[in-house]
Amino acid sequence: MTRQPEDAPRPEPIPARGVRAAGHTLTAMIRRHPRLTDAALAAVVLVVSVPPVSAVAGRNQALSLALIVALVTPLVWRRKAPFLVFAIMTGLALVQFVTTKELTDDLAVLVAFYTVAAYQPGRRILLAAAIMAAGAVLVATGARHPLPVWALLSGLVAAAAFLGYYARTRRAYLAALVDRAERLERDQDQQAQLAAAAERVRIAREMHDIVAHNIAVMIALADGAAYTAETSPGQAASVMGQVSATGRSALAEMRRLLGVLRDPATPGPTPQPSLDDVEDLVATIRAAGLPTRLTVTGPPFPVPPSAQLALYRTIQEALTNILKHAPGATAHVRLAYRPGEVELEVTDDGGPAASERGAVPEAAPRGNGHGLPGMRERAAVFGGQVSAGPRPGGGWQVRTVLPLTEDA
């Protein structure tokens, strides 16, 4: 048995769309011009209320017509002052009932009561309902069949109250929906701005780590090549080869980063430096003229790639700062694997300048630009902290501990 395909939804007929568009246009016009809408409503109520005047004979006909016009006219301001309009209209209705013994504009009073129920607080609604109930009893007592008349009038009052309450709750519901939509839109905009700011910070951090480190190494190598060019041309040529290799490495990293920015959805691996590359980093720093020693203690365990990148960049930034700010110093990188965490410490002895100062701690901090904040941001991702400052024996120390688990 084959299954019949479901019917595709039929397009909405053009006349129906036109009617719906006209309805939206009318609703928008009513919202933009409430006073004009109320004036039109008053005119409709007046037209409905005038025909019974023909049944009134004698001089009361003119009085009845005047009272109807006076009673219906306040509906133009029904939304501006609902309870005041209701009070005026009920007073005029009482005058009409006493003078002409007729109540030809009960529709206008019901509209005024509906407006009170839709826009006024609870106490005024109860007061207006009590007045309407008293009016129903007053009219019913003068009727030939009081009980049916009272039941009819009470039903009309209850219907007006219900419609007013429904309009109030509907308006409040729509206002809540609009407010929620606006808040969600603001929250989405804020989230987008925060995400963009975080991405800018990440890009700036990566650019700083790539550019600052490689340029510092290239400068140190170029200075070394210039210094040995006359005495040892072969060694100078070898150093310049290292400058070229460092520049190519920096260019490759820049292209990788820019490629991710141009098309973040492009599939394929984007390798990042890891702890396996620390030895190559230390070798590059040694070639740039900074004697550096690497010590790894503890049994290594698998570390998440993002944590490896954070540790690598911290080592890179610390060694770059030593290369720039402590010429002639000796650096030491200690990487310790401990249960649940990895500790990193990068220190230097301050070089000859520290010895001349008699091992006085340095007063000026190193790397007061983007380097130290970048280290702290990377460590904060894993709940770690970075401490940096002068050593008691001279030189500088950068230390961080990343809390990790062996099965991270």
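The values are calculated or read from the model by the stated rules, or taken from the named source; none is laboratory data. All figures in this text were calculated on a predicted structure; none of them were measured in a lab. Reconstructed Cβ throughout: ideal geometry from the backbone, glycine too, with neighbour counts over all protein chains shown. The area values use the complete protein model at the heavy-atom level, side chains included, leaving out ligands, DNA and RNA. Shrake-Rupley method; radii C 1.70, N 1.55, O 1.52, S 1.80 Å.
Find all pairs meeting these conditions: Cβ atoms under 7 angstrom apart; at least six residues apart or on different chains; first residue within region 291-302 and in a strand (DSSP E or B); second residue loosely packed, with under 13 Cβ neighbours inside 10 Å.
L294/E279
Give Y166, Y119 a once-over and let me know the one that is exposed (fewer than 14 other Cβ atoms within 10 Å of the Cβ), within 23 Å of R35 (Cα to Cα) and not small (G, A, S). Walk me through how you get there before you give the answer.
Working: Y119 fails: exposed (fewer than 14 other Cβ atoms within 10 Å of the Cβ).
Answer to the check: Y166.
Would a scan of region 345-364 turn up a residue that is modelled with pLDDT of 80 or more, farther than 29 Å from A222 by Cβ and buried (at least 22 other Cβ atoms within 10 Å of the Cβ)?
Taking region 345-364 first, the residues modelled with pLDDT of 80 or more are 345-350.
Cutting the leftovers down to farther than 29 Å from A222 by Cβ gives us 345.
Adding the requirement that they be buried (at least 22 other Cβ atoms within 10 Å of the Cβ) leaves none.
Looking through region 345-364, none of the residues is modelled with pLDDT of 80 or more, farther than 29 Å from A222 by Cβ and buried (at least 22 other Cβ atoms within 10 Å of the Cβ).
Pick from region 220-243 the residues that are within 51 Å of the chain's Cα centre (by Cα) and farther than 13 Å from T284 by Cβ: which of them is surrounded by the fewest Cβ atoms within 10 Å (Cβ to Cβ)?
Restricting to residues being within 51 Å of the chain's Cα centre (by Cα) and farther than 13 Å from T284 by Cβ, the top hit is D223.
Please count how many residues of region 288-306 are open to solvent by 40 Å² or more (accessible area, probe 1.4 Å) and at negative phi.
Residues meeting the conditions: 11.
Can you run down the residue pairs with Cβ atoms below 9 Å, 6 or more apart or on separate chains, where the first is in region 366-386 and basic (K, R) and the partner is modelled with pLDDT under 85?
Sorted first by the residue in region 366-386, then by its partner, the pairs are R366/K324; R366/H325; R366/A326; R366/L372; R378/R205; R378/S306.
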